[in-house]
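The values are calculated or read from the model by the stated rules, or taken from the named source; none is laboratory data. Computed from a predicted model, the values in this text were never measured in an experiment. Here Cβ is always computed from backbone atoms with ideal geometry, including for glycine, and neighbour counts include all displayed protein chains.
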Amino acid sequence: MIAFLRNTWRGLTSMRTALTLLFLLALAAMPGALLPQLSLNAAKVDEYVAQRGWWGQLLLKLGFFEVYATPWFAAIYLLLFTSLVGCLLPRTWEYFKQMRAKPVLTPRNLSRMPHHAQAELDITPDEAVAKAQKAMRGWRMETGEGTVSAERGFLRETGNLVFHFALLGLLVSFALGKMFNYEGQVIVQADGGQFCNGGIFNYDQFRPGLRVDGTDLTPFCVEIGKFSAEYLDNGQPVGFKADIRYQSGDDLASNTWRPYALQVNHPLRTEGDRVYLLGHGYTPTFTVTFPNGEKRTQGIQWLPTDQLTLASEGATKFDPPGITDSETRRKNQIAVTGLLAPTPLLHGNILNSKFPALNDPMVAVDVYRGDLGVDDGRGQSIFSIDQKMVDQGRLQKVARKNLALGEEIALDDGTKVRFDAVNDWVSLQVSHDPTQGYVLAFAILIILGLGVSLTVKRRRVWVRATRLEDGRTLVEVGGLARTDQAGYGEEFTRLARAVLNEEKS
Amino acid sequence: MPVNETFATYSDWLYRSALGVYFFAILLYGVEQAFSRAPRKAEALVGAGGPDILADAPKSELTRAERIGRMGAAMTVLGAVLHLGSLVMRGLSAGRAPWGNMYEYMSLLCLAAVVTWIVLMAKFPIRRLGVFVLTPILVLLFIGGTVLYAESAPVQPALRSYWLVIHVSVISISSGVLLIPGVTSILYLLKDGNSDRFPKLPSADVLDRMSYRTTVLAFPLFTAGIILGAIWAEAAWGRFWGWDPKETVAFVSWVVYAAYLHARATAGWRGRGAAWINIAGFALNVFNLFFINLVTSGLHSYAGL
């Protein structure tokens with residue numbers, strides 16, 4: 001049993017296994033780049049699975065749409081890191097032993113070394129040794145009777161160990177981050193809209209880490225002021241900026257607001273959380289004047305369907321006022337749906353957008369009246385009406401018209417729908433990751449360790465001076481690069497030249 | 001910032017000139033490769049031992065083929081200068097770092113490959129391989145200059161960051177350097193096992209050492225490029241790593257190059273195995289450049305064309 005365990009451990013920590021695991025890791029990571037992933041685009045995964053039938057279902061079951069969360073992916077990297085630990089422990093032990101060890105004794109036959117040079121000189125062996133010592137200043141050296149053995153380049157192993165330990169540290173920090181991080185997205189109206197990080201229900205979308213239940217979010221609030229976008233003539237955006245105010249930490253108690261210019265690439269960093277400007281769009285405002293003279297005004301974000309021209313679609317929904325009977329109320333709900341063109345382009349009556357900025361915006365609206373189906377307990381998209389209600393005839397299209405700002409449309413029962421204004425909305429992302437600082441620190445160590453271990457070479461030089469019968473001295477120099485020979489030749493030649501000359505040091 | 005059309009025109013003109021000069025260099029290298037005799041056995045051994053062979057060769061013994069090869073090398077340098085000029089002009093015309101779209105990115109990548117090649121030519125007696133190295137570079141430049149060509153223009157807000165200057169340049173340059181070991185590893189596979197085969201190629205040992213030394217130079221750079229990308233992603237997308245397709249394939253090719261370095265130290269994988277892995281690494285980089293940019297969609301796609 002012990003033999004089995006020992007053999008398994010040896011097998012696992014061998015370089016060959018590590019190599020195999022590296023290949024497996026590379027292979028296993030690939031589907032994540034080739035197949036749509038749930039974490040990036042869930043809708044695309046649904047579409048992909050639906051199109052492939054049983055094959056798609058099988059891939060789904062095997063986790064191919066969430067590769068990096070699957071047990072098989074985890075198994076590979078955990079095995080790899082176990083193998084790494086098993087390789088590193090003995091190496092670290094060896095490393096500390098070697099740090100204290102003396103350079104190995106001069107071998108008997110230096111001419112067998114990959115690098116070798118010799119000369120007969122008119123100096124004494126002691127002088128030759130002194131010269132060798134001088135030439136190899138900075139090397140770890142051991143002087144014997146007529147010999148010098150020197151070694152250099154221990155930093156290589158230092159760098160190598162630092163690199164591998166930093167890799168371990170990075171993985172652990174990354175894993176801890178996945179426990180305690182959270183990330184949420186929310187759309188906030190510009191010109192006064194507020195968002196407070198009070199709980200997950202304030203978000204449109206929230207992705208908690210494994211150990212986050214949403215009760216302990218970092219408290220802070222932001223208020224969106226003016227949003228501004230700058231475009232080139234061809235519609236390509238140049239810059240987005242949202243002037244915001246925020247309060248966090250002690251400012252919450254004292255109700256102090258601090259200004260910040262939120263921009264792409266310039267998130268707000270406060271109290272360990274970050275707030276990002278992800279996108280923006282338009283919110284048309286409509287006022288419905290009901291037959292009894294009562295007015296209701298609504299503005300809700302519409303969704304950009306064309307990222308270049310920001311032509312947007314959406315549905316602004318109204319409840320008739322003053323009706324207490326829920327049956328009657330439900331038969332008279334109103335929805336204004338259609339297309340918003342920030343800069344209108346009309347082909348006859350067909351409206352489209354030709355530019356993303358607001359220049360006399362227009363809407364092409366379909367007004368629906370009837371039961372919106374918002375009371376049946378199921379959630380529905382804020383960007384559209386429930387098509388089923390339309391198909392069942394419970395929601396009917398009662399008007400269609402293009403409206404410029406201030407224009408209105410009159411329905412058959414005297415209800416009027418007016419297009420009042422267009423405002424901006426911004427979509428924000430809040431991110432929290434308590435360990436990303438450690439990840440960065442380990443990443444820097446990775447680069448440093450790698451740089452050192454791949455540039456420094458571990459190499460040895462031996463010098464032996466032997467008195468010959470004629471009174472001259474035979475000086476031999478031998479050299480060996482322990483890791484890879486490349487580039488050692490030049491250095492050895494230089495050293496040998498410094499040792500093998502007639503000058504007395 | 002408005003685009004300076006004059007500089008943009010100069011840039012395009014220099015790009016085309018560089019392509020022409022590279023093409024001429026390939027012809028010259030090809031002539032040398034075709035008409036020079038294979039080195040005698042003894043010579044080949046000296047070549048394997050160290051980089052001194054070129055310096056030691058007496059000038060008077062230069063054959064006509066060798067002189068043509070030297071012209072090819074000179075043409076390569078001239079091409080690199082024009083190529084650099086084209087990038088500088090592009091940068092001046094758009095008022096930003098000249099690697100904001102795929103055309104410019106590939107141009108920088110190829111320049112890095114050419115410069116690496118010039119440095120290697122000075123260190124190893126391998127000038128005649130120029131035809132094999134410059135041909136893929138010329139193909140990439142040709143694709144970049146035709147199918148993927150993009151007018152000089154400002155970039156999107158997300159790319160307006162000093163990280164564009166740092167991250168993209170480091171990744172592009174390291175990928176360019178990695179093109180060289182990709183090519184020499186293929187040549188290694190052709191040569192390995194039988195030193196009489198393809199007698200005009202340098203010995204397998206020289207090819208292996210060239211591959212290793214360039215990979216070792218580029219790998220830390222590539223690592224740094226990925227990490228710099230992660231730092232930028234944290235500021236731009238809200239997380240430092242999100243398995244975006246481009247990130248994933250970069251990670252995979254990083255793992256493959258790491259495997260290459262380990263394979264060179266593992267019995268049974270040295271030599272042919274390692275060479276295959278290096279080729280796989282470069283193939284992944286090419287895949288990441290073309291397939292991931294052009295076919296899949298991800299956060300990096302705005303770099304698109």
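Each row is one residue, and each column tells you yes or no for (1) of a type in the set (V, I, T); (2) assigned to a helix (DSSP H, G or I); (3) crowded, with 16+ Cβ neighbours inside 10 Å; (4) without any contact (Cβ under 8 Å) to a residue 40 or more places away in the chain.
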residue: A:K401; (1), (2), (3), (4): no, no, yes, yes
residue: A:N423; (1), (2), (3), (4): no, no, yes, no
residue: A:S427; (1), (2), (3), (4): no, no, yes, no
residue: A:S431; (1), (2), (3), (4): no, no, yes, no
residue: A:Y438; (1), (2), (3), (4): no, yes, yes, no
residue: A:A443; (1), (2), (3), (4): no, yes, yes, no
>> Test of understanding: among B:L138, B:L109, which residue is surrounded by fewer than 23 Cβ atoms within 10 Å (Cβ to Cβ), modelled with pLDDT of 95 or more and either part of a helix (DSSP H, G or I) or touching a strand residue (DSSP E or B) at 6+ places or on another chain (Cβ under 7 Å) (or both)?
In response: B:L138
>> What's the number of the only condition in (1) over 30 Å from A:L278 (Cα atoms); (2) touching a Gly at 6+ places or on another chain (Cβ under 7 Å); (3) within 14 Å of chain B (Cβ to nearest Cβ); (4) in a strand (DSSP E or B) that A:G479 fails to meet?
In response: (2)
> Is it fair to say B:F124 is closer than 22 Å to B:A283 by Cα and of a type in the set (F, W, Y)?
Replying inline: no
> Would you call A:L351 in contact (Cβ under 8 Å) with a residue 12 or more places away in the chain, of a type outside the set (D, E, K, R), closer than 22 Å to A:I187 by Cβ and in contact with a Pro (Cβ under 7 Å, 6 or more places away or on another chain)?
Replying inline: no
> Does A:E502 count as touching a residue at least 40 places away in the same chain (Cβ under 8 Å), away from chain B (no Cβ under 14 Å), among the acidic types (D, E) and over 25 Å from A:R108 (Cβ atoms)?
Replying inline: yes
> Regarding B:W99, is this residue surrounded by 24 or more Cβ atoms within 10 Å (Cβ to Cβ) and either assigned to a loop (DSSP other than H, G, I, E, B) or among the small types (G, A, S) (or both)?
Replying inline: yes
> Which strands (runs of 3 or more DSSP E) sit wholly inside the range A:183-234 and have at least 2 residues that are in contact with a His (Cβ under 6 Å, 6 or more places away or on another chain), in contact (Cβ under 8 Å) with a residue 12 or more places away in the chain and assigned by TED's automatic domain parsing to the domain that holds A:I300?
Replying inline: none
>> Every residue in the range A:269-298 that is closer than 23 Å to A:Q194 by Cβ and among the aromatic types (F, W, Y), please.
In response: A:Y276, A:Y282, A:F286
> Do any residues in the range A:261-277 that are at the interface with another protein chain (Cβ under 7 Å from one of its Cβ atoms) and more than 18 Å from A:A229 (Cβ to Cβ) have Cβ atoms under 7 Å from those of residues that are among the β-branched types (V, I, T) and surrounded by 23 or more Cβ atoms within 10 Å (Cβ to Cβ), where the two are at least six apart or on different chains, and which pairs are they?
Replying inline: none
> Yes or no: A:G451 outside the structural domain of A:D243 (by TED's automatic domain parsing), in a helix (DSSP H, G or I), buried (at least 17 other Cβ atoms within 10 Å of the Cβ) and not aliphatic (A, V, I, L, M)?
Replying inline: yes
>> Can you say whether A:A229 is modelled with pLDDT of 90 or more and within 24 Å of the chain's Cα centre (by Cα), as far as the supplied structure shows?
In response: no
>> Just the residues that are more than 12 Å from A:L340 (Cβ to Cβ) and in contact with a Gly (Cβ under 6 Å, 6 or more places away or on another chain), please, taken from the range A:295-329.
In response: A:L308
> In the range B:160-186, which residue that is crowded, with 21+ Cβ neighbours inside 10 Å and of a type in the set (A, V, I, L, M) is farthest from the chain's Cα centre (by Cα)?
Replying inline: B:V168
>> Any residue at all in the range A:234-250 that's surrounded by fewer than 17 Cβ atoms within 10 Å (Cβ to Cβ), away from every other protein chain (no Cβ under 14 Å), among the polar types (S, T, N, Q) and out of contact with any Phe, Trp or Tyr (no Cβ under 7 Å at 6 or more places or on another chain)?
In response: no
> Within the group A:D470, A:D413, which residue is surrounded by fewer than 18 Cβ atoms within 10 Å (Cβ to Cβ), touching a Pro at 6+ places or on another chain (Cβ under 9 Å), outside any strand (DSSP E or B) and away from chain B (no Cβ under 14 Å)?
Replying inline: A:D413
> Out of A:G177, A:G199, A:G214, which single residue is within 13 Å of another protein chain (Cβ to nearest Cβ) and either of a type in the set (D, E) or farther than 18 Å from A:L358 by Cβ (or both)?
Replying inline: A:G177
>> On the basis of being touching a Lys or Arg at 6+ places or on another chain (Cβ under 7 Å), outside the structural domain of A:Q133 (by TED's automatic domain parsing) and not basic (K, R), does A:G377 make the cut?
In response: no
> Here are some conditions: (1) within 11 Å of another protein chain (Cβ to nearest Cβ); (2) out of contact with any His (no Cβ under 9 Å at 6 or more places or on another chain). A:R494 meets all but one. Which one does it not meet?
Replying inline: (1)
